[in-house]
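Worksheet for the structure shown next.
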Amino acid sequence: MKKIIFLLTILSVFSACAQKNNSTKIIQTQEKTKDRMDTSKLNETVKKAFDAWQNGNAEVFTSYFTTDAKLYDDGSPRDFKKFVKDACGHEKFTTIDKIENEGKEIFGQFHTESWGDFKTYFKFSLNSEGKFDKLEIGQAN
């Protein structure tokens with residue numbers, strides 16, 4: 001009986017160490033992702049829309065767009081409202097690799113439940129009232 005108790009004690013110590021190591025790895029991964037998501041160079045309105053997208057908040061995301069906003073996916077027109085409904089909360093950037101055009105274009109790694117991970121871009125077009133009237137998305141090189 002003492003041997004069984006001793007073995008159980010040893011196993012619980014090893015298990016606790018493994019859990020601690022897994023927790024440390026998860027925290028380190030989250031920190032690396034956070035470091036790779038620097039949004040400080042984004043246009044102020046783009047940043048707000050981007051944050052809403054990343055948080056899966058379709059209502060807030062669409063509030064930055066005109067009611068007749070256009071969406072182009074690799075140059076082809078798509079239904080903007082359907083895209084947001086289907087993708088927001090299920091797809092998001094995992095890194096930001098580059099920001100261009102005065103903070104209105106985002107390039108980075110993107111994760112989707114159906115297509116996996118790939119490089120993509122979101123290019124936001126602001127109208128004179130400060131709303132987005134066009135979003136171009138697509139696979140980046």
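Throughout, read-outs are computed from the coordinates displayed, never taken from laboratory work. All of these numbers come straight from a predicted model, not from anything done at the bench. Ideal geometry is used to build each Cβ from the backbone, glycine not excepted, and the neighbour counts take in all protein chains shown.
So the values come out like this:
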quantity	calculated
Any hit, the stretch 56-70, residues being part of a loop (DSSP other than H, G, I, E, B) and surrounded by 16 or more Cβ atoms within 10 Å (Cβ to Cβ)	yes
Residues that are part of a helix (DSSP H, G or I), surrounded by 12 or more Cβ atoms within 10 Å (Cβ to Cβ) and out of contact with any helix residue (DSSP H, G or I) (no Cβ under 7 Å at 6 or more places or on another chain), drawn from the stretch 71-117	PHE80, LYS81, PHE83, ASP86, ALA87
